[in-house]
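Asks: One structure, pasted below without further comment.
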Amino acid sequence: MRVARIQSVEKSIEKDGLDLSLLDPLILKYSGKKGNLIPLLQGAQELYGYIPGEVFEKISKDAAIPLSDLFGVATFYAQFRLHPVGKFIIKVCHGTACHVQNALEISESLEEALKIKDGETTADRFFTLESVACLGCCSLAPVMMIGDQTYGKLTGNEAVKIVKNIRLEHSKG
Amino acid sequence: MIPTVTVGLGSCGIAAGAKKTFEKIRAFREAENLDFKLSKTSCVGMCYREPLVEITDDTGTYLYGEVDADRAVEVIEKHINQHEPIRDYIVYTDLFDAPENDFLKSQVKIVLRNCGYMDPESIDDYEKRNGYLAIKKIIEEKTRPEEVIDTILKSGLRGRGGGGFPTGMKWKFAHNNQSAEKYVICNADEGDPGAFMDRSVLEGDPHSVLEGMIIAAYAIGATGGVIYCRAEYPLAIKRLNMAIRQAHEKGYLGNHLFGLEGFNFDIYIKEGAGAFVCGEETALIASIEGERGMPRKRPPFPAVSGLWKKPTNINNVETLANIPWIIMNGAEAYAKYGTEKSKGTKVFALAGKVRHSGLVEVPMGMTIREVIFKLGGGIKNDKKFKAVQMGGPSGGCIPEFLADTTIDYDSVNATGAIMGSGGMVVMDETTCMVDVAKFFLDFTRKESCGKCTFCRMGTKRMLEILDRITHGQGQEGDIEKLEELAYQIKDNSLCGLGQTAPNPVLTTIRYFRDEYEAHIKHKKCPAKVCRPLLTYQVDPEKCTGCMVCLKNCPVHAITGERKQPHVIHQDICTKCGVCYSKCKFDAILLS
């Protein structure tokens with residue numbers, strides 16, 4: 001239970017832009033099936049990038065699942081987010097192999113360069129910084145993952161350079 | 001014959017750039033109109049040499065290492081076009097001495113028999129390598145389920161997820177419980193940081209896991225199968241989905257399998273949502289049922305009342321991948337490997353400060369030293385070997401002086417560590433053991449589900465003590481307090497997570513007590529890891545006066561003129577380490 005993760009669901013900033021009808025096919029698919037709670041939440045997160053409060057309410061109403069059950073499950077698993085995230089999620093691996101090979105330096109350099117703390121998102125919604133338990137690429141430690149691209153054998157400076165390049169590339173076009 | 005070029009496209013290969021290599025070779029083949037077959041495979045375990053490219057031609061098979069996109073063109077040009085293998089880049093071959101010949105030859109590959117030797121996305125490739133023959137043999141020879149279970153019992157196979165419970169016994173319990181509905185679950189929630197063997201098997205040989213599950217289903221009479229795979233392994237999930245679809249097309253999943261009336265079995269994948277505790281059987285079941293993944297009291301065991309309250313058999317990926325081999329080759333052939341009580345082979349994920357990190361499969365009974373030095377090539381940068389961590393957050397650190405311990409369940413348990421799923425993280429003299437203990441406790445504290453007090457509160461209290469020790473505020477009696485808490489948590493926690501969570505602390509206290517004492521009594525970190533216990537100083541010989549550290553110091557503790565050696569003022573310094581990481585001239589000294 002990640003105590004630190006339990007936060008109140010903030011009222012969505014983009015409330016007006018939230019298209020709740022996207023959920024309908026998902027709810028139709030899983031409604032009434034046993035063991036549907038996690039796939040429903042996973043599907044919702046895939047649609048919106050996180051699970052906004054309104055989405056909880058809609059699933060609860062349409063799929064007839066108590067709100068407390070939904071929220072209980074969503075706060076239990078590390079996968080579910082209750083806040084909007086950046087365009088790119090930087091996952092810095094803090095598995096054992098990365099830890100003994102100075103993963104801390106990677107996280108700290110990125111925190112400094114992006115001016116955010118672990119778990120936060122940059123003001124321009126470009127990057128979210130996250131430390132994760134293990135990406136399973138221990139032979140390349142220390143490792144980080146952005147999108148589905150993995151970067152290995154990093155130093156703090158290299159990690160910052162990679163992130164800066166991504167920003168440069170995507171702000172051009 | 002047309003030469004074959006095979007690129008290793010496992011997660012680690014892709015991370016090392018294998019996809020670019022693959023694309024480059026494909027583009028080069030088209031541009032130059034070359035005649036060779038290009039195929040892909042998965043990880044052969046030699047992660048430290050990725051990206052790997054294998055070329056088979058009339059003369060034999062050659063494995064090239066570290067083939068990035070540039071080198072790929074060179075290799076293809078020379079080897080395929082000019083028929084001149086580039087000896088310098090070849091890491092493994094049968095034909096002559098290559099640097100990694102020993103690495104592969106001293107292994108016994110049963111679980112990893114197909115990983116890196118076939119296209120994991122092709123069921124035909126798997127069948128060419130005797131795939132699905134084990135289950136066909138069972139059906140054709142009309143082997144009774146009891147006989148199948150007997151074979152597994154005789155083979156001595158024990159659960160490879162960490163527990164080490166005899167697999168045959170598990171099957172027997174589930175078999176003996178009468179129910180029209182039974183389940184087989186494959187536990188692929190590999191959450192132990194530092195272990196990646198299950199990922200490799202799923203990515204490299206998904207069909208062997210499916211076949212293992214089908215055989216288990218036949219033996220216990222199961223109708224439904226679930227693979228609980230962690231969502232962090234997207235490639236494994238993709239290949240499993242492919243494999244399940246292919247098995248359906250061939251009639252290996254579905255109804256009346258292999259022509260046997262009434263043998264109905266199907267498998268679906270359940271993606272985990274990121275909780276370490278879900279590796280525990282009962283928590284895993286709760287998670288599949290869509291609840292918070294919290295363990296419950298046993299008994300009743302899952303074999304009696306598991307998924308949807310039906311008899312359920314849960315096996316780990318590696319255990320299941322063993323099954324088809326055992327059926328094909330017989331229990332005796334399997335039991336030939338290993339020690340008296342631990343039979344067969346075990347896959348280890350070597351990582352950390354070891355030269356050759358990757359996957360190795362060795363017969364039980366090999367010593368830890370052999371694995372690290374013979375297969376692992378020793379310690380990186382010629383540092384001193386200090387300890388090896390086995391079993392992840394549930395395991396412990398085995399010190400150098402016990403490195404001749406043989407690898408089997410009981411000997412490893414005797415050291416205070418556990419076999420676990422097979423992560424082996426090697427540590428050298430620059431690793432602080434108190435910091436390692438803190439690292440694991442921080443992990444278990446975060447991952448504790450919170451159901452029982454001892455695990456929820458106990459791990460937090462232990463972490464606080466470790467935190468204080470690593471911050472130079474350790475007190476006399478802290479070690480004893482840690483020990484007392486540890487035994488309380490071990491004895492009173494509900495599930496395996498809590499019962500084993502103190503192991504990393506207990507083993508480090510047992511073998512590295514002096515390091516704890518150095519932190520507490522002398523406020524020193526011998527491995528120079530715990531920052532608050534270090535002093536940062538400028539080496540006037542090396543300092544060029546570039547002013548980088550001065551500008552970056554967040555508390556302005558550094559003074560000095562341009563091109564003059566700088567000085568760090570100890571009374572202001574907060575020991576954040578920024579100057580150390582920013583200095584390009586190694587001029588910041590730690591003591």
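The values are calculated or read from the model by the stated rules, or taken from the named source; none is laboratory data. This one's a predicted model, so the numbers in the text were calculated from it and none came from an experiment. Cβ: placed from backbone, ideal geometry, glycine included. Neighbour counts: every protein chain shown.
Asks: For region A:105-152, enumerate the residues that are touching a helix residue (DSSP H, G or I) at 6+ places or on another chain (Cβ under 7 Å), within 13 Å of chain B (Cβ to nearest Cβ) and either in a strand (DSSP E or B) or among the aromatic types (Phe, Trp, Tyr) (or both).
Replies: Result: A:Ser131, A:Met144, A:Ile146, A:Thr150, A:Tyr151.
Asks: Is it fair to say B:Val5 is closer than 24 Å to B:Leu375 by Cβ, not in a helix (DSSP H, G or I) and not small (Gly, Ala, Ser)? Break it down into steps so the answer makes sense when it comes.
Replies: Details: closer than 24 Å to B:Leu375 by Cβ: no; not in a helix (DSSP H, G or I): yes; not small (Gly, Ala, Ser): yes.
So B:Val5 fails the test.
Asks: Let me ask something additional. Condition (residue is hydroxyl-bearing (Ser, Thr, Tyr), surrounded by 19 or more Cβ atoms within 10 Å (Cβ to Cβ) and in contact with a strand residue (DSSP E or B) (Cβ under 6 Å, 6 or more places away or on another chain)) applied to region A:118-128: is it met by at least one residue? Before you say what the answer is, go through the steps one by one.
Replies: Quick first cut of region A:118-128, residues hydroxyl-bearing (Ser, Thr, Tyr) only: A:121-122, A:128.
Now restrict to residues that are surrounded by 19 or more Cβ atoms within 10 Å (Cβ to Cβ): A:121, A:128.
After this cut, where a residue has to be in contact with a strand residue (DSSP E or B) (Cβ under 6 Å, 6 or more places away or on another chain) as well, the list is A:121, A:128.
Yes, because at least one residue in region A:118-128 is hydroxyl-bearing (Ser, Thr, Tyr), surrounded by 19 or more Cβ atoms within 10 Å (Cβ to Cβ) and in contact with a strand residue (DSSP E or B) (Cβ under 6 Å, 6 or more places away or on another chain).
Asks: Oh, and also: Look at B:Ser200 and say whether it is at pLDDT 95 or above and either outside the structural domain of B:Gly395 (by TED's automatic domain parsing) or not aliphatic (A, V, I, L, M) (or both). Walk me through it before giving the result.
Replies: Working: at pLDDT 95 or above: no; either outside the structural domain of B:Gly395 (by TED's automatic domain parsing) or not aliphatic (A, V, I, L, M) (or both): yes.
It is false that B:Ser200 is at pLDDT 95 or above and either outside the structural domain of B:Gly395 (by TED's automatic domain parsing) or not aliphatic (A, V, I, L, M) (or both).
Asks: If you check B:Gly416, B:Gly396, B:Gly420, which single one turns out to be crowded, with 24+ Cβ neighbours inside 10 Å, more than 11 Å from chain A (Cβ to nearest Cβ) and on the phi > 0 side of the Ramachandran plot? I'd like the intermediate steps shown before the answer.
Replies: Details: B:Gly416 fails: crowded, with 24+ Cβ neighbours inside 10 Å; B:Gly396 fails: on the phi > 0 side of the Ramachandran plot.
Unique residue meeting the criteria: B:Gly420.
Asks: Going by the structure shown, is B:Cys229 farther than 27 Å from B:Thr143 by Cβ, touching a Gly at 6+ places or on another chain (Cβ under 6 Å), assigned by TED's automatic domain parsing to the domain that holds B:Ala321 and not acidic (Asp, Glu)?
Replies: Details: farther than 27 Å from B:Thr143 by Cβ: yes; touching a Gly at 6+ places or on another chain (Cβ under 6 Å): no; assigned by TED's automatic domain parsing to the domain that holds B:Ala321: yes; not acidic (Asp, Glu): yes.
The answer is no for B:Cys229.
Asks: Restricting attention to region B:154-178, and to residues there that are in contact (Cβ under 8 Å) with a residue 60 or more places away in the chain, farther than 12 Å from B:Thr319 by Cβ and in contact with a helix residue (DSSP H, G or I) (Cβ under 8 Å, 6 or more places away or on another chain), which single residue is surrounded by the fewest Cβ atoms within 10 Å (Cβ to Cβ)?
Replies: Filtering region B:154-178 for residues that are in contact (Cβ under 8 Å) with a residue 60 or more places away in the chain, farther than 12 Å from B:Thr319 by Cβ and in contact with a helix residue (DSSP H, G or I) (Cβ under 8 Å, 6 or more places away or on another chain), the one surrounded by the fewest Cβ atoms within 10 Å (Cβ to Cβ) comes out as B:Lys154.
Asks: So in region B:262-290, with the set limited to residues that are in a strand (DSSP E or B) and of a type in the set (A, V, I, L, M, F, W, C), which one is nearest to A:Asp69 (Cα to Cα)?
Replies: B:Ile269
Asks: Sticking with this structure for a sec: State yes or no: is B:Asp442 surrounded by fewer than 20 Cβ atoms within 10 Å (Cβ to Cβ), charged (D, E, K, R), within 12 Å of chain A (Cβ to nearest Cβ) and assigned to a helix (DSSP H, G or I)?
Replies: Taking the combined requirement at face value, the residue satisfies it.
Asks: Spot the failing condition for B:Phe301; the list is (1) of a type in the set (Phe, Trp, Tyr); (2) within 21 Å of B:Glu447 (Cβ to Cβ); (3) more than 12 Å from every other protein chain (Cβ to nearest Cβ), and only one is missed.
Replies: (2) is the only condition that B:Phe301 fails.
Asks: Right, another one. What are the pairs with Cβ atoms under 7 angstrom where one residue, in region B:118-129, is not assigned by TED's automatic domain parsing to the domain that holds B:Val53 and surrounded by 18 or more Cβ atoms within 10 Å (Cβ to Cβ) and the other, located anywhere, is of a type in the set (Lys, Arg) and part of a loop (DSSP other than H, G, I, E, B)? Sequence gap at least six, or different chains.
Replies: B:Met118/B:Arg129
Asks: Could I ask something else about it? Filter region B:1-48 for residues that are within 12 Å of chain A (Cβ to nearest Cβ) and modelled with pLDDT of 90 or more and give the result.
Replies: Going residue by residue through region B:1-48, those that are within 12 Å of chain A (Cβ to nearest Cβ) are B:10-20, B:43, B:45-48.
Listed by number, the residues that qualify are B:Ala18, B:Lys19, B:Lys20.
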